[in-house]
Amino acid sequence: MSWLRIRELVRKEFIQLFRDKKNRPLLIIAPFVQLLVFGYVVTTDVRDVRVGVFDQAHTRESRLLLDDLDANRTFRITHYTDHPKELEEILLRRKVDLALKIGPEFSERIRSGDSAPVQIIADGSMSNMASMRIAYTSLVLDRFNQRMIEERYKQTLDYGKIDARIRTWYNPNLESRNFFVPGIVAMLLMILSLLLTSMAIIREKEAGTIEQLIVTPLRPIELIVGKILPYIIITQILIIIVTTFAIIWFSLPLKGNFLLLAVAACLFLVSTLGIGLFISTISATQQQAMMTTFFFIVPFFMFSGFVFPIASMPTVIQWLTYLNPLRYFLVIIRGVFLKGVGMGILWPQFLAMMVLGLVVFISAVKRFRKRLD
Amino acid sequence: MNPVTIKAIARKEFYHLVRDFRSMYLAFVIPLLMILMFGYALSLDVDSVKVVIVDHDKTKESRELAQKLNASAYFQIVRQLNDSLVAVRYLDQGLTTMAIVIPPGWTEDLKADREASLQVLLDGSDPNFAGISRGYITAFVEAYNRDQLLSFLNRKGMDEIKAPVDGRIRVWFNEDLESQNFIVPGIIAIIIMIVGAMLTSLVIAREYENGTMETIRSLPVGGGELLLGKAIPYFLIALTDVLVAVFMGQVLFGVVMKSSFCLLVLASTIYISVALSLGFLISIATKSQLVANQMAILITFLPSLLLSNFVFPIGNMPKIFQMLTYIIPATYFIDILNGLYLRGLGLSHLGQSYLILVGMLIVLSYAGFALLRKEGM
């Protein structure tokens, strides 16, 4: 290996990359746009739950209940109606997420010590959101019940009950952004490195200049190193910029060590660059390379735990996710950002990513060299 | 408009498609994979929450609590631990979602009719997962306390206190709360965008790149005939994909449509046409396959995935993005799919969305046609 030859190739790559105007939006604008869109749009927070109310009682108690609901930051009563049909209609038209029906004998029943039924209809079409909304509603009802009982008996009943002190760690306010934005950084790293490496080699193939590179004294391993090195440098710089931007713009907490992230990113790059190299060996045109990259990215993305939790997948698929480098990188990047954990906790992920990366990279290099010879 | 010309162009385009293995792959394999992936493997629901228990009390009651938790369908005890610090390690490593610490003297408090505190540590990093898990544990504790209250009243010989308000929660539209029921229909919209817009975005650009656009111009073919002829094969492929997706959703995953099938076919026909016109428009405007492909991903695929109320509720987005969702065709198509699949709605409710899609179709196809004419077709 001659470093001089590699250096010249790296220099040529850089010149080529920045001379082509088409590359600029891909390199500079796309990452930021994606970060902003994902950061703002991808949320599963439960907030602003729209409630429609059909109150047949119109009494102090029913108003108290509705006030409790409306005062809760999660709920917002948007529709009052006097017709049961209209309540159904606004549910059907997706104007509300939750409908409340209070019967005419609501207060009489409560005052006589009986239970007053309140019908709550939840729009279940987004099942995960509905589950959370139902849980929040139950919470409001329970608090209301407690208040009513205390009011009625003028004393608190002291019976042995569990007082569950739920403390939410790592992301106390359950903000989607804190969970998704670090994941997007990982996604961007993967897309950029995959696309850039495969394109860099295909471009030479398409232009026919790969033949010229082969007849130069450049040895295959030098060619690979020289082709990959610029993209390692570029993606690393981009990731540092994007991460810093994300931390400042979305005021993300970074509890752990930034350096650890950089090390993880390097290890992750080994596998993605390997895959990029592999794609370049099976594609003839840039078009094909882009499509193939797309085919790789979608399953990597879906089966990484980025949006869909791995724990909710069937067991067989859960095993398969161990082959996905993005899975490990997401655990690391979220661990460092949210949990502030270090090597002591994350070493299995680092190890797995390294082994996976080396296997992928070495086999891709072997295949690539065979193609060159 | 000459039907013979259109047929000839359609046939040529069809041959192109069949010969290119990768396009066929994109047209048929990707949709199948997506349906399988989403129907079978990807879910936003929480089946059971992983729990580690640290029992410092070690009494009959505390063990019973653990058993009760494990017996419930919503929880799965991974490990019984003796040390809270080890439980923290489990949380840090992500081996458990929840750690429950039963402090010493817990049973004593319970028996002496005091509040017995239970420490629950929840991994909140995934807000969706954590929010649902929190709902499960709150409901579990409520049920436990209700039993406690009953036995307390029994002991004191008092009448049962009824809860003043009895919330009877019912779920409509997706009674079993399964995410498959809204994700599988939504996938149809994504598939149409991939097949319709991403494939067609390359079609005219390819003619420009190969220089065959000049040849076409010299032929007695009008712009409308060219677009229509090129659209037909893609239209048929997309429609086949939709039918396969509907069939697979129903047979494999039990996602049953509540409304009429004809309305779905009608909506798909309109939406496929919208996707095709969008693809053509991109293709004519960019004239380069590479740029067209990038544009197609950026303005058709990603918005349909993110800005369409598919998985991420529009109501949660900042105002500016909410406005943006109004011009995304997928928003209306997903609204229709949701209405047809889950709500059993008809044209009286969904008519507006149908009309908007038709309006978009007219605008987009006219824009494509006009652009092509400006190019001298």
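The values are calculated or read from the model by the stated rules, or taken from the named source; none is laboratory data. Because the structure is predicted, anything quoted here is derived from the model rather than measured. Cβ: placed from backbone, ideal geometry, glycine included. Neighbour counts: every protein chain shown. Surface accessibility is based on the protein's heavy atoms, side chains included, excluding ligands, DNA and RNA. Shrake-Rupley method; radii C 1.70, N 1.55, O 1.52, S 1.80 Å.
Computed from label points 7 Å out along Cα-Cβ, the spacing between A:GLN146 and A:GLU206 is 6.4 nm. Remark: the range B:49-155 carries 45 Å² of accessible area per residue (probe radius 1.4 Å; ligands, DNA and RNA excluded). Hull volume per residue, based on the alpha-carbon atoms of the range A:270-368 and their convex hull, is 109 Å³. Using only the C-alpha atoms, the convex hull of the range A:1-49 corresponds to 99 Å³ per residue.
Evaluate the Kirkwood expression for the hydrodynamic radius of the range A:75-170, namely the inverse of the mean inverse distance over all pairs of different C-alpha atoms, and round to one decimal in Å. Evaluated on the range A:75-170, it is 16.0 Å. Dipole size of the range B:49-155 about its Cα centre, with +1 on Lys/Arg Cβ and -1 on Asp/Glu Cβ: approximately 240 debye, rounded to the nearest 20. The Cα-based radius of gyration and maximum Cα-Cα distance (Dmax) for the range B:174-280 are 17.3, 60 Å.
Volume of the convex hull of the protein assembly as shown (Cα atoms only), normalised per residue: 166 Å³.
Tell me which lysines have Cα within less than 17 Å of B:LYS50's Cα, excluding those fewer than 8 residues away on the same chain? Candidates past the 8-residue exclusion: B:LYS68. In this simple spin-label model, placing a label point 7 Å from the Cα along the Cα-to-Cβ direction at both B:ASP113 and A:GLN16 gives a separation of 8.4 nm. Karplus-derived 3J(HN,Hα) values for the range A:54-70, using 6.51 cos²θ - 1.76 cosθ + 1.60 with θ = phi - 60°, are 10, 9, 8, 8, 6, 10, 4, 5, 5, 5, 4, 4, 5, 4, 4, 5, 5 Hz; glycine and proline are entered as x. When shorter helices are ignored and each DSSP H run of at least 4 residues is given -39500 (n - 2.57), the per-residue value for chain A at 222 nm works out to -21500 deg cm²/dmol. Gyration tensor analysis over the Cα atoms of the range B:207-357 returns equivalent ellipsoid semi-axes of 31, 20, 14 Å (largest first, whole Å).
Within chain A, the proportion of C-alpha pairs whose separation exceeds 30 Å stands at 54%. Once you treat every alpha carbon in the range A:137-293 as an equal point and sum by Debye, what is log10 I(q)/I(0) at q = 0.14, 0.15, 0.21 Å⁻¹? Those come out to -0.82, -0.89, -1.28, one per q.
The coefficient of translational diffusion for chain B, derived via Stokes-Einstein from the alpha carbon Kirkwood radius under 37 °C and 0.692 mPa s, stands at 133 µm²/s. In chain B, taking the dipole from charged Cβ atoms about the Cα centre, the farthest positive-side position among B:SER273, B:ILE216, B:GLN352 is held by B:ILE216. Computed over chain B, the per-residue total of -39500 (n - 2.57) for DSSP H runs of n ≥ 4 gives a 222 nm mean residue ellipticity of -19500 deg cm²/dmol, rounded to 500. Within chain B, the whole DSSP H helices whose Cα atoms reach 20 Å or more along their own axis and whose mean Kyte-Doolittle score is at least 1.0 are B:223-253, B:261-286, B:347-374.
Can you list, largest first and rounded to whole Å, the semi-axes you get for the range A:11-94 by taking the square root of 5 times each eigenvalue of its Cα gyration tensor?
55, 14, 6
If you build the convex hull over the alpha carbons only and average its shadow over all orientations, what do you get for the range B:49-155? Give it in nm² to one decimal.
One quarter of the hull surface, i.e. the mean projection, equals 6.6 nm².
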